[in-house]
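Single-structure report; data block below.
The values are calculated or read from the model by the stated rules, or taken from the named source; none is laboratory data. As the structure is a computational prediction, the values presented were derived from the model and not from experiment. What goes into the accessible areas is simple: the full protein's heavy atoms, side chains included, and nothing from ligands, DNA or RNA. Shrake-Rupley method; radii C 1.70, N 1.55, O 1.52, S 1.80 Å.
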Amino acid sequence: MKKSVVQFSFERTAFCILFLGILLFSCFPAKYIKPDNHVPGIRFTRLPTGTSNISGFYFLNERKGFLWTIYGEYYKTENGALSWTKTNNKVYGLVFRNEKAGFGFSQLPDKKLLVKTEDGGETWQPIYEVPPHSSCSNISIDEQKRVLFFINNTSVTAQNTRHESTLLYSEDEGINWRMEKYDSLNIFSLDFADKNIGFATGPSNKNRVILKTLDGGKSWKPLDLSSLGISGVYSIRFHQEIGVIDNAWKTNDKGQTWQKMGRLTADGDVHFIDSKKGYAFGSGKISKVSRKSDMLQTYASVSYTGDGGATWNTNDKISIIPPITQVFFINDALAFGIAFSEDYYKGELIRIDITNK
């Protein structure tokens, strides 16, 4: 049915008013927001690392850890991140089964390798060559010496984009591998609630997808949570039986049931100490540096819940540290995080001590 001239003229006028309103609002100067650096029960310490371009990190314990940069530099610490030593072991995406046995990826000029260490990261041996032009999920290992990860391939044509994931599964720490292909999807994130129950997430050809395993990762099947309003998942993390997907849904029973959490303003990963207490670190408000300056800064943000995520108390005006984008919990009282300055290229290492567990 065609629209009348009067109706069309009215809609065009309304659109113009709305557009001019948005344009005018966007031109308003940013306001200065007074920072609030009082964070009860949490202490932040900025740590020197010898580099300001941190991409990722991993800690074996409170003293020994590794970090890697966006430029392919690799460092290690053995004194709780008080000092760092540059190494020649170019390994990233680390995960350890204990303080000796671990796995990671090594990017060489002409190939990418899955590598293994049995001496706490001092030396690494190649155990699998990843196909060229592919990406990988994180690596999952357990006390049963199982190792698994997904290799993803994406092909783009003028007609469509095709995804494919290949599961690599080993029961003997990478000596022998079993492969299984999953068509029409890519898997980038996986985590386990126990030795048998695990979840994997990533994009498919049509949407985002959730997979679930009940046999320790040997086989995976799609998990449909649409009845809860969950159509797909970007991220999933477990701490013992407590899991969180997309900082929005939480489970206390290894994923048998899921509960919607309250609105969380911090955009970092959520970590639950128990079924009630949890933390999230991320980016907060954007403000002028001072009343007289036009320069902007993004404050850090910390959110805390004591009721299982139903409600969150948030301080989003913390200026003593830059926004934190990655957090690694050593235990329930100590974590390390990567904080990015205003140019978002220079990552700093932050020690986070939690005193009100």
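Overview of results
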read-out: Between segment 282-357 and segment 129-201, the alpha-carbon center distance in angstrom; value: 32
read-out: Residue-averaged 222 nm ellipticity for the chain, from DSSP H runs of 4+ at -39500 (n - 2.57), nearest 500; value: -2000 deg cm²/dmol
read-out: Solvent-accessible surface (1.4 angstrom probe) belonging to Glu78, in square angstrom, nearest 10; value: 100
read-out: Apportionment of accessible area to carbon and sulfur, the chain, percent (1.4 Å); value: 54
read-out: Arg97 - accessible surface, heavy atoms, 1.4 Å probe, Å² rounded to 10; value: 50
read-out: Mean projected area (nm²) of the alpha-carbon convex hull when segment 58-169 is viewed from all directions; value: 8.1
read-out: Normalised alpha carbon radius of gyration of segment 190-275 [divisor 2.2 N^0.38 Å]; value: 1.03
read-out: Solvent-accessible heavy-atom area per residue, rounded to whole Å², over segment 136-239 at 1.4 Å; value: 49
read-out: Kirkwood Rh and Cα Rg combined as Rg/Rh, the chain; value: 1.02
